[in-house]
Amino acid sequence: QVQLVESGGGLVQAGGSLRLSCAAAGSIASRSTMGWYRQAPGKQRALVAFITGGGTPNYADSVEGRFTISRDNAKNTVTLQMNTLKPEDTAVYYCNLQQYASNYWGQGTQVTVSS
């Protein structure tokens, strides 16, 4: 069983920065994919960014150039550095881990960007 715990959400003004972290506990494969999704009110959960076990990042077009995803395989953590935040980035952000055809989710952390 895998457990994911997020931290780092909060309230920030437009143009500001936040850093989200996710710690994974349990049996974590080195080839697992870790990432972040977000869900805004009234919208479906959507991919923000993910990073492969080999360290290759991928981003949604809406955050490309503003957000940076990284991971530490030794500590089983994934981090999302969010810069130049916009009000439309407001959402609950969920950590995600995929391995062996299983999908795991964190409890979510709120990010609110005021204009």
The condition from (1) aromatic (Phe, Trp, Tyr); (2) more than 10 Å from the chain's Cα centre (by Cα); (3) closer than 16 Å to ARG45 by Cα that TYR100 misses is numbered (3)
Taking the criterion of being open to solvent by less than 40 Å² (accessible area, probe 1.4 Å), part of a loop (DSSP other than H, G, I, E, B) and at positive phi, would at least one residue in the range 53-66 satisfy it? yes
Output the residue which, of all residues in the range 77-86 that are of a type in the set (Val, Ile, Thr) and within 12 Å of the chain's Cα centre (by Cα), is most open to solvent (accessible area, probe 1.4 Å). THR77
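Table: residues versus (1) part of a strand (DSSP E or B); (2) open to solvent by less than 50 Å² (accessible area, probe 1.4 Å); (3) within 18 Å of GLY108 (Cα to Cα).
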residue: TRP36; (1), (2), (3): yes, yes, yes
residue: LYS43; (1), (2), (3): no, no, yes
residue: LYS75; (1), (2), (3): no, no, no
residue: GLU88; (1), (2), (3): no, no, yes
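Regarding the range 96-104, can at least one residue be identified that is part of a loop (DSSP other than H, G, I, E, B), free of Cβ contacts under 8 Å to residues at least 12 places away in the same chain and either among the aliphatic types (A, V, I, L, M) or closer than 24 Å to GLN1 by Cβ (or both)?
Restricting attention to the range 96-104, the residues satisfying the condition of being part of a loop (DSSP other than H, G, I, E, B) are 100-101.
Narrowing further to those that are free of Cβ contacts under 8 Å to residues at least 12 places away in the same chain: 101.
Still in the running and either among the aliphatic types (A, V, I, L, M) or closer than 24 Å to GLN1 by Cβ (or both): 101.
Checked against the condition, which is being part of a loop (DSSP other than H, G, I, E, B), free of Cβ contacts under 8 Å to residues at least 12 places away in the same chain and either among the aliphatic types (A, V, I, L, M) or closer than 24 Å to GLN1 by Cβ (or both), the range 96-104 yields at least one hit.
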When (1) in contact with a Lys or Arg (Cβ under 7 Å, 6 or more places away or on another chain); (2) without any contact (Cβ under 8 Å) to a residue 24 or more places away in the chain are applied to ALA91, the one that fails is (2)
Take the residues in the range 98-115 that are open to solvent by less than 40 Å² (accessible area, probe 1.4 Å) and touching a Gly at 6+ places or on another chain (Cβ under 8 Å); name whichever of them is nearest to GLY35 (Cα to Cα). THR109
Tally the residues that are surrounded by 13 or more Cβ atoms within 10 Å (Cβ to Cβ) and among the charged types (D, E, K, R), restricting the search to the range 6-34. 2
Which residues, counting only those in the range 24-39, are among the hydroxyl-bearing types (Ser, Thr, Tyr) and under 8 Å from LEU97 (Cα atoms)? SER32, THR33
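The values are calculated or read from the model by the stated rules, or taken from the named source; none is laboratory data. Since the model is a prediction, treat every value here as computed from it, not as a measurement. Methodologically, a virtual Cβ is constructed for each residue, glycine included, from the backbone with ideal geometry; neighbour enumeration extends over all protein chains shown. What goes into the accessible areas is simple: the full protein's heavy atoms, side chains included, and nothing from ligands, DNA or RNA. Shrake-Rupley method; radii C 1.70, N 1.55, O 1.52, S 1.80 Å.
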